[in-house]
Amino acid sequence: MPDNLTGVVIVYIIAVNVFAVTLTLLDKHAARLGSWRVKERTLLIFAVLGGSAAMYVTMRLARHKTRHAKFMIGIPVVIVLQAAAVLLIWWLKRG
């Protein structure tokens, strides 16, 4: 990968993870207040877009959505699929 593309990918991954953590914490805060909530679909979309690892760690630390199988099973599945995709891309580029 060219250096500038690597930099763009790194910035993207950092940004999407920061945003995923922010959304998760905002939803936790809103849940405590009983106010407007972040849609579960939105949280899952940001996990799929690359924020799955940070979102999962945040959910565990904040004890948010930990009773929902959709998140406690779904997010780790997304993490595994993303890791497999990264390894596949690396392996294809290597050869």
Over the chain, what percent of the accessible surface lies on carbon and sulfur atoms, probe 1.4 Å? 71 percent
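Give me the accessible area per residue for the chain, probe 1.4 Å, as a whole number in Å².
Numbers: 6790 Å² over 95 residues.
About 71 Å² of surface per residue is accessible.
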Viscosity 1.002 mPa s, temperature 20 °C: Stokes-Einstein D of the chain from its Kirkwood Cα radius, in µm² per second? 150 µm²/s
Any idea of Leu33's accessible area? Nearest 10 Å², probe 1.4 Å. 110 Å²
Burial order of peptide ranges 79-86, 4-11 (average beta-carbon count within 10 Å, highest first): 79-86, 4-11
Straight distance only, please: which lysines reach the Cα of Lys39 with their own Cα at less than 22 Å, same-chain residues fewer than 8 apart left out? Lys28, Lys65, Lys70
Would you mind calculating the relative contact order of the chain from Cα pairs under 8 angstrom and at least 6 residues apart, reporting the percent as a whole number? 26 percent
Given the -39500 (n - 2.57) contribution per DSSP H run of 4+ residues, what per-residue ellipticity at 222 nm results for the chain, rounded to the nearest 500 deg cm²/dmol? -25500 deg cm²/dmol
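Ranked from the most accessible area to the least, with a 1.4 Å probe and all protein chains present, what is the order of Ser35, Ser52? Please list the in-between numbers first.
On the way: Ser35 60, Ser52 0 Å².
The ranking, largest first, comes out as Ser35, Ser52.
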Residue-by-residue Karplus 3J(HN,Hα) for region 48-54, coefficients 6.51, -1.76, 1.60, Hz, glycine and proline x: 5, 6, x, x, 5, 5, 5
Kindly write out, for region 16-33 in residue order, the coupling ³J(HN,Hα) from the Karplus curve 6.51 cos²θ - 1.76 cosθ + 1.60 (θ = phi - 60°), rounded to whole Hz, with x marking Gly and Pro. 5, 5, 4, 5, 4, 5, 4, 4, 5, 5, 4, 5, 4, 5, 5, 5, 5, 7
At Val11 and Leu25, where each label point lies 7 Å from the Cα along Cα→Cβ, what is the point-to-point distance in nanometres? 2.3 nm
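The values are calculated or read from the model by the stated rules, or taken from the named source; none is laboratory data. Please read these numbers as outputs of a predicted model, since none were measured by experiment. Neighbour counts are summed over all protein chains in view; Cβ atoms, including those assigned to glycine, are modelled from backbone coordinates with ideal geometry. All accessible areas refer to the heavy atoms of the entire protein, side chains included, with ligands and DNA or RNA removed. Shrake-Rupley method; radii C 1.70, N 1.55, O 1.52, S 1.80 Å.
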